[in-house]
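Notes to accompany the following structure.
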Amino acid sequence: MSIRAYENFENGKGRLNVERLLRVATLLDADPYATLTALDVGSPEFAQRCANNKLMSILMLALRDFDRKAQDAIVGLDPLFLMKAFSAFFDQLAEHAAEQQEVIARWQRLRDNPDEDGGGEPEAD
């Protein structure tokens, strides 16, 4: 890919070329499915947030497995059930992410200020 083509791609100029997008994402070790999804959900930050953990690529693998297992039974799934199930799943995922961030933040505080561990010396009677 030429520098000009990459610059145009980066600036959102020209038509969306999915094959090129997948190639660029692979070169950058990003999540190509997160990049595509970021366009749909209107959040460029989503692609950045998924770059390291490959959230959307993992979700696509899980969807592929689901399609193989459920096959034609997918047709009968109720949209309301799907919405509730996905909402519950993503709420749980968001809660886990927040807990994980708190553990990381606490670890960083302890690393930077070891005297703030809450343990300290026992108080004298």
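Read-outs throughout are calculated quantities, based only on the coordinates presented, and are distinct from any laboratory measurement. Since we're looking at a predicted model, the values are computed, not measured. No Cβ is skipped: glycine too gets one built from the backbone with ideal geometry, and neighbour counts run over all protein chains shown.
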Item to complete: Please tell me the relative contact order of the range 1-74 in percent, rounded to the nearest whole number, where contacts are Cα pairs under 8 Å and at least six residues apart.
Response: 22
Worksheet item: In the set (i) 39, 27, 12; (ii) 25, 17, 14; (iii) 28, 20, 12, which value of semi-axes √(5λ) of the Cα gyration tensor in Å was calculated from the structure you see?
Response: (i)
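Which whole number in µm²/s is D for the range 77-116 by Stokes-Einstein, with the Kirkwood Rh taken over Cα pairs at 25 °C and 0.890 mPa s? Walk me through the numbers before you get to the answer.
Working: Rh = 12.2 Å.
Answer from the Stokes-Einstein relation: 201 µm²/s.
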Worksheet, complete the sentence: Once both label points are put 7 Å beyond Cα along the C-beta direction, the Q71-D112 separation in nm becomes 5.6
Item to complete: Please build a GNM for the chain, connecting alpha carbons under 10 Å apart, and tell me which residue among V41, V18, V103 fluctuates the most.
Response: V103
Discussion item. Suppose each label sits 7 Å from its Cα in the direction of the beta carbon; what would the N11-E99 distance come out to in nanometres?
Written reply: 4.7
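Please sort through the DSSP H helices of the chain and keep those with an alpha-carbon extent of at least 15 Å along the long axis and a Kyte-Doolittle average not below -1.0. Walk me through the numbers before you get to the answer.
Working: long enough: 55-70 (22 Å, 0.57); 79-112 (49 Å, -0.22).
Length and hydropathy pass: 55-70, 79-112.
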Worksheet, complete the sentence: So, relative contact order of the chain in percent, Cα under 8 Å, 6 or more apart, is 12
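Would you mind ranking M83, M56 so that the residue whose beta carbon has the fewest other beta carbons within 10 Å leads the list?
Numbers: M83 10, M56 19.
Sorted ascending by nearby Cβ count, the order is M83, M56.
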Discussion item. With +1 assigned to the C-beta of every Lys and Arg and -1 to the C-beta of every Asp and Glu, and no other charges, what is the dipole magnitude of the range 1-74 about the Cα centre in debye, to the nearest 20?
Written reply: 160
